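A short worksheet on the structure shown next.
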Amino acid sequence: MTNASADPAALGELMHTAFRGLRKRWMQQLAPYELTPHQFRAMNAVGRALEHEGDGHDGVRPDGGAGLRLKELAERLRIAPRSATEVVDQLTAKGLVERRAHPADRRATLLLLTEAGEQLRETVLADRKREADEFFSVLEPGDRAELARILGELGGDRDGLKGLR
């Protein structure tokens, strides 16, 4: 095998292989819940937005609404608004996300998790933590910290933790 430390292409291939293994586990984990990774990422983004909006972390936006606009969801997921609409339509059909009219802006719709969506999100997050702990258990704690630092550097996140929260 080529010395990966000297060959960026080999490093990329190793990273891709590790990612495929993690993604396969993630898809298998979500299958019993009839969710795709895209759907869960959207649910999680809506849930996190509600946890962190407003000073009191009560999901109330500075403009008086509660929830996440579709445009904001697309930006957070780094996908086209049309793609975000499709994912939200799927989640709405499953009873996991609901749309509400914005109280101060007639043109805007806010996204919220339903009670079932909130419960499922918490269940999946707990499962995901367990699965990730198992996947990364082959690494020593110091190696995990170093991997987080390195991936953070590569992703532009200097502390390596922003995307893990």
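Structure values in brief
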item: So R82, is it loosely packed, with under 14 Cβ neighbours inside 10 Å and either assigned to a helix (DSSP H, G or I) or modelled with pLDDT under 95 (or both); result: yes
item: Filter result for H102 (over 26 Å from R25 (Cα atoms), at pLDDT below 95 and surrounded by fewer than 17 Cβ atoms within 10 Å (Cβ to Cβ)); result: no
item: Some residue of segment 105-119 being over 18 Å from the mean Cα position of the chain (by Cα), open to solvent by less than 90 Å² (accessible area, probe 1.4 Å), more than 23 Å from Q39 (Cβ to Cβ) and aliphatic (A, V, I, L, M); result: no
item: Residues of segment 67-79 satisfying the condition of being outside any strand (DSSP E or B), crowded, with 17+ Cβ neighbours inside 10 Å and not hydrophobic (A, V, I, L, M, F, W, C); result: G67, E72, R76
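The values are calculated or read from the model by the stated rules, or taken from the named source; none is laboratory data. Since this is a predicted model, take the numbers as computed values, not measurements. Note: ideal-geometry Cβ built from the backbone for every residue, glycine included; neighbour counts use all protein chains shown. These area figures cover heavy atoms from the full protein model, side chains too; ligands, DNA and RNA do not enter into them. Shrake-Rupley method; radii C 1.70, N 1.55, O 1.52, S 1.80 Å.
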